[in-house]
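Scroll down for the structure; my scribbles are underneath it.
Derivation of every value follows stated rules applied to the coordinates shown; laboratory data play no part. What you see is a predicted model, and the numbers here were worked out from it, not measured in a lab. Ideal geometry is used to build each Cβ from the backbone, glycine not excepted, and the neighbour counts take in all protein chains shown.
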Amino acid sequence: MKHGVSEIATGVIGGVLLVMGFLAVEPVAAQESIAVRAQMVKGLLPADDPNAAVWSSVAPATFPMSPQVHWPTRILEATVRDLSVRALHDGTNVTILLEYADPSEDPDDAAAIEFMVGDKKAHFAHGQPMAQVEGGPVNIWYWKNKDAKGMDMNAKGFGTLSVQTHQDVKAKGAYANGTWKVLFTRPLATEHPEEDTQIKTGGFINIAFAVWDGKKDISGELKEKGSQKAISSWWYFRAEAPPDYSGYYYAALAVGLAFGFQFILIRKLKKGQSA
Ligand code: HEM
């Protein structure tokens, strides 16, 4: 069977496009429902504005919250049932936005994020040592409405919660239409690896959440405080690595090679036809 020059060229280009298609396919994201993924952005991080327009283009990860029933003093029903989390980083700082429903704005409304510190596994209950497991410390980022700032804290078990002498965490809350948006920001890496979680791009680390509804009951007692709050167990957090464009470079190289090969082939075939 004889093939014309243009048929061969079409075949070669088709093959190249197929190769490019394979190279350009993004890997399917794993663990999407259990991980907060902070994409890297170029330019300004919306670190001061929980209502910045850019947040609406970031997909949230939603986690169930439950009343803290594990240790006294327990609470059998907490206001917040679930929490949406969005995050972004710029290679230097990371900013994490918590969003949850709360029917009223109160001065004692509060929220917190927790991480492990170092290599030791820690329990999400403040890194409380468990039977036969010493566990490690945890780093807690705490925001309270009436304080209007973030607090960088550590704990290794109950009764050990302390405010760090150096504060790297900033936080800002915005309340509207029965919804709290609370934004936490910190450098990915700090100079205190013994106390602060260190966030390297491209890896998964554990993250847990806590929310307190600062409403008071008829007797003036806070509905939720201290151990009485809505909590999550450990989930995952990942600061995405900068995008890898090497697949596109290889595709461009393949196109170049294919065109070179096609050029030589066509010249040879033309020579053959005119001989
Ligand atoms: C089973 C899980 C948990 C238990 C049993 C628990 C228990 C407690 C207890 C007993 C206190 C009183 C202070 C102390 O003893 O150190 C407390 C306070 C606190 N907890 Fe937890 N906790 C849990 C999970 C969490 C999580 C996941 C976070 C952060 C994401 C968190 C953040 C805090 C903060 C910031 C305070 C201080 C609140 C204040 O000053 O009113 N806790 N918790």
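Only lysines eight or more places from residue 270 in sequence, or on another chain, were considered; those with a Cα closer than 21 Å are 2. Past 21 Å, Cα to Cα, is the threshold; run 42/181; 181/215; 144/229 against it and keep the listed order. Long pairs (Cα-Cα over 21 Å): 42/181.
Under the combined filter of DSSP loop state and at most 11 neighbouring Cβ atoms within 10 Å, the stretch 187-236 retains these trypsin sites (Lys or Arg not before Pro): 200. If you add up the charges near residue 123, with Lys and Arg at +1 and Asp and Glu at -1, over every other residue whose beta carbon is less than 12 angstrom from its beta carbon, what do you get? Combined, the nearby Lys, Arg, Asp and Glu give +1. Alpha-carbon geometry of the stretch 32-239: the Rg and the Dmax are 16.2, 51 Å, given in that order.
Rounded to the nearest 20 debye, the dipole magnitude of the stretch 32-239 is 260 debye, with +1 charges on Lys and Arg beta carbons, -1 on Asp and Glu beta carbons, and the Cα centre as origin.
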